[in-house]
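The values are calculated or read from the model by the stated rules, or taken from the named source; none is laboratory data. Please read all numbers here as calculations on a predicted model, not as lab measurements. Here the Cβ positions follow ideal geometry from the backbone for every residue, glycine too, while neighbour counts run over all protein chains shown.
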Amino acid sequence: MVAILLSAVLAWAAAGSTPCAAVPLSIQYDNEQGEGFFDSELGEARRTAFEAAVAIWADALPGSVPVIIATRMVPFGGSGTGALLAQAGSVTVHRNFGGGAMPSTWYSAAVASQIIDSDINGADLPEISVDFNSDLDDNVVLGSVGWYYGLDAEPGTDIDLITIALHELAHGLGFFSQIEPVAGGWQIANNPSSFDRRLRRPFVDGFSEMVDSERLAAIISANLQFTGPATVNDFGAAPPVQATAPFIPGSSISHWDTGLSPDELMEPFYTSATRDLRLTLSALLDVGWGLVPGAPTAVPVTSTPTATPSPTPTTALPAGNRPDRLYVTNFDDNTVSVIDPARGEEIATIAVGLGPAGIAVSRDGSRIFVASFREGSLYRISARTLDTLGVTVIGSSANDVAVDDSGLVLITDTAADTVVVADQLDGSVLHTIAAGEQPAGIALAPRGRFAYVANFGETTVTVVDSLYGLRRAIIPMRFATSFGIARGAGNLLLLPSRNGAQLSYLDAGQIQLTSLVYLPNGLDAESAVQTADPRIALVLMRNRRTGEGVVVAVDSETREDGKQVSVGDAPEDIESSTDGRTVYVANTGSDSISVINTVSMRVKRTIDVGRAPMAIAVAQAPIDCGGDCDGNGLVSVSELVRAVNIALGAAPARVCEPVDSDSDDRVSIDELIGAVNNALGTCDQRRGRF
């Protein structure tokens, strides 16, 4: 890893504007020697071009707090006619941090730090992540079209890396929407981004003030406008954003409409080489950079070169703000391994009951739930202290476990043909629901309280209602399901088939099968996982003769399998990182975890664990503090709840209404009462929320 600092002073061309110190941007190159930005032939040219793009943004934006940009060149692949050029986003997003920022609104880490004049991520965590497709240089992807690394904006028929870098960096600097396009809500904690706050559909309402159904109509209306004052002043009107049907992830909303004239940097299609920030800089001022002390009031304008057609760059949404933790059940050791995937090592081992199988983590990352197969028990563990909080006997063979949207814990009892619903606080059994024959894996519906249970002993899936303890439906399958039923993109669920090479897609909204993909012969599908790309799922398969494992990429649109990567022996489970860029495979026969990059489809490392690792749960590391966790000198709802729990000697519990009833993450009297009720356990358990 190599870091380079770029900083400069910009003299604004507009009359009457005041020169301001440019924001200090530094680059963290995350390629190894000999690859990507350190390729023996192209590395220097790649670094020179990217550093030129970073310098342009460093000159254009105000601020004094250092911003780290982590970047790589990785093989995304592609075809002779289309490819993913690059993807980027803010590594973390932040809300309710003061400094004049809009409440209950997500801001990119880079601008949030400038607004409060303090590094909101800390000195070591990058603020922006940018990845480029190195396969454009192989003369196969996009044919003869490749990257142009020159500084003169004259790439000919090639694709100008500086232009793409300027575009992608803008996403990381705040040019992004948080729209969730399936139901119409927001991606994180039901709050919009500062970009979303500036959108409006004429004669209807502001984008962030709409109800979900109105937003779903707006994102394909071809009539959604950006109304930030600096942008309107620069453009002469409110420019439209890309909102045509159908909605395209990575393209819709977070870009200007393609019909703007002249062509703009933040349109979803690459049109020409440019160094012209134009409306992009105006929009960034409107989404938060205008709050930075010394922010300019005028936008420098330069000429736009002649357009040339090329493929579409896409973007990534911001990730969470805490590192991941892996929790792995070791069936033969009666333990759970706690793993730091960033360092690739086991950091703790937890003793549990006999034959630990399924494992899940509460939505806030504070509690771990382990199904002890040989004891028929549920173990409740504190993720912060790694102490066992309690054990509940739920039946004869506890197999898989999941935590639903209301915080209830569901456990399959394979021998008893039931699903048990327990309270996560005290482990008490609330319901026992009849399932099919030998229920095994559980997948939660994308939204709501329903769960889908794969019945290992027959070709059915049972739909259960955890809140009311009812069986709602039985879905017949064409093939017997495996253990690893999983949530897919949108309303879809992924069902790999035992004793066969098939992957079924089930529509959770319509409760019916939608499609079937046939996989390579000679392999049995064990489990599956959705990647960050909504089209691509990864299926974990096992050679039925040798037991060797392989992960196969499947495209939901073409219904074809693609790249493959070998893993360990007798693999049982595959799970995704919280950002979708990495997956982890439990190799039961090899006593190891394979760590796979979902973009390059390569094993990055192998981590040794206990004997017979069976299942994996991935969650952000728990908050470990007793007071002002975010260090801003103010009391948030989550900090209040934790402080009251600590004072009363209670374990971190569910947050019950009316805690944070106005979603501003600040404490009112009603919320104080709710926090105390939460710690005392006196809230209505069925109304609890995380």
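Look at the stretch 416-431: where a residue is on the phi > 0 side of the Ramachandran plot and a partner is in a strand (DSSP E or B) and hydroxyl-bearing (S, T, Y), sitting 6+ places away or on another chain with Cβ atoms under 8 Å, you get G427/T392. The condition (being at pLDDT 90 or above, farther than 22 Å from G484 by Cβ and either assigned by TED's automatic domain parsing to the domain that holds I347 or among the acidic types (D, E) (or both)) is satisfied by just one residue among V401, V393, V419: V393.
Considering only residues that are assigned to a helix (DSSP H, G or I) and either closer than 10 Å to L199 by Cβ or in contact (Cβ under 8 Å) with a residue 24 or more places away in the chain (or both), which ones fall in the stretch 210-229? Within the stretch 210-229, D212, S213, E214, R215, L216, A218, P229 meet the criteria.
Residues in the stretch 519-556 that are surrounded by fewer than 23 Cβ atoms within 10 Å (Cβ to Cβ), of a type in the set (S, T, Y) and touching a residue at least 24 places away in the same chain (Cβ under 8 Å): T531, S556. Output the number of residues of the stretch 78-96 satisfying the condition of being under 22 Å from the mean Cα position of the chain (by Cα) and of a type in the set (S, T, N, Q). Residues in the stretch 78-96 being under 22 Å from the mean Cα position of the chain (by Cα) and of a type in the set (S, T, N, Q): 4 in total. Is it fair to say L169 is buried (at least 18 other Cβ atoms within 10 Å of the Cβ), touching a residue at least 12 places away in the same chain (Cβ under 8 Å), in the same structural domain as T92 (by TED's automatic domain parsing) and touching a Pro at 6+ places or on another chain (Cβ under 9 Å)? The answer is no for L169.
Name the residue, out of N233, N190, that is outside the structural domain of L84 (by TED's automatic domain parsing), on the phi > 0 side of the Ramachandran plot and in contact (Cβ under 8 Å) with a residue 40 or more places away in the chain. Explain how you work it out, then say what you get.
Numbers: N233 fails: on the phi > 0 side of the Ramachandran plot.
Unique residue meeting the criteria: N190.
Looking only at the stretch 25-67, residues that are within 26 Å of G146 (Cβ to Cβ) and not in a loop (DSSP other than H, G, I, E, B) come to 21 in all. Under the condition of being closer than 19 Å to D119 by Cα, of a type outside the set (A, V, I, L, M, F, W, C) and either in contact with a Lys or Arg (Cβ under 7 Å, 6 or more places away or on another chain) or modelled with pLDDT of 50 or more (or both), the residues counted in the stretch 7-37 number 3.
Residues in the stretch 404-416 that are over 22 Å from F331 (Cβ atoms) and at pLDDT 90 or above: 0 in all.
For the stretch 441-487, how many residues are basic (K, R) and modelled with pLDDT under 80? Can you show your working first?
From the stretch 441-487, those basic (K, R) are 447, 449, 471-472, 478, 487; that's our starting set.
Narrowing the set further to residues that are modelled with pLDDT under 80 leaves 447, 449, 478.
Residues meeting the conditions: 3.
Residues in the stretch 133-148 that are touching a helix residue (DSSP H, G or I) at 6+ places or on another chain (Cβ under 7 Å) and not aliphatic (A, V, I, L, M): S134, G146, W147, Y148.
Run down A451, A489 and say which single residue is assigned to a loop (DSSP other than H, G, I, E, B) and under 28 Å from the mean Cα position of the chain (by Cα). Going through A451, A489 in turn, just one is assigned to a loop (DSSP other than H, G, I, E, B) and under 28 Å from the mean Cα position of the chain (by Cα): A489. Looking only at residues in the stretch 404-431 that are acidic (D, E) and assigned to a loop (DSSP other than H, G, I, E, B), the one that is surrounded by the most Cβ atoms within 10 Å (Cβ to Cβ) is D404. All told, L493 falls short of being surrounded by fewer than 20 Cβ atoms within 10 Å (Cβ to Cβ), at pLDDT below 85 and touching a Lys or Arg at 6+ places or on another chain (Cβ under 7 Å).
Filter the stretch 386-403 down to the residues that are in a loop (DSSP other than H, G, I, E, B) and of a type in the set (S, T, N, Q) and list them by number. Can you show your working first?
So in the stretch 386-403, the residues in a loop (DSSP other than H, G, I, E, B) come out as 386-387, 394-397.
Within the stretch 386-403, S396, S397 meet the criteria.
Screening W147 against (1) under 30 Å from E35 (Cα atoms); (2) surrounded by fewer than 22 Cβ atoms within 10 Å (Cβ to Cβ); (3) among the aromatic types (F, W, Y) leaves a single unmet condition, (2). E180 fulfils the conditions (1) in contact with a strand residue (DSSP E or B) (Cβ under 7 Å, 6 or more places away or on another chain); (2) farther than 30 Å from S79 by Cβ; (3) free of Cβ contacts under 8 Å to residues at least 60 places away in the same chain except for a single criterion, (2). Does G395 fit the bill of being touching a residue at least 24 places away in the same chain (Cβ under 8 Å) and crowded, with 24+ Cβ neighbours inside 10 Å? For G395, the condition - touching a residue at least 24 places away in the same chain (Cβ under 8 Å) and crowded, with 24+ Cβ neighbours inside 10 Å - is not met.
Per-residue answers, yes or no, for (1) more than 26 Å from I220 (Cβ to Cβ); (2) surrounded by fewer than 24 Cβ atoms within 10 Å (Cβ to Cβ); (3) out of contact with any Asp or Glu (no Cβ under 9 Å at 6 or more places or on another chain):
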| site | (1), (2), (3) |
| --- | --- |
| P239 | no, yes, no |
| I248 | no, yes, yes |
| H255 | no, no, no |
| S261 | no, yes, yes |
| E264 | no, yes, no |
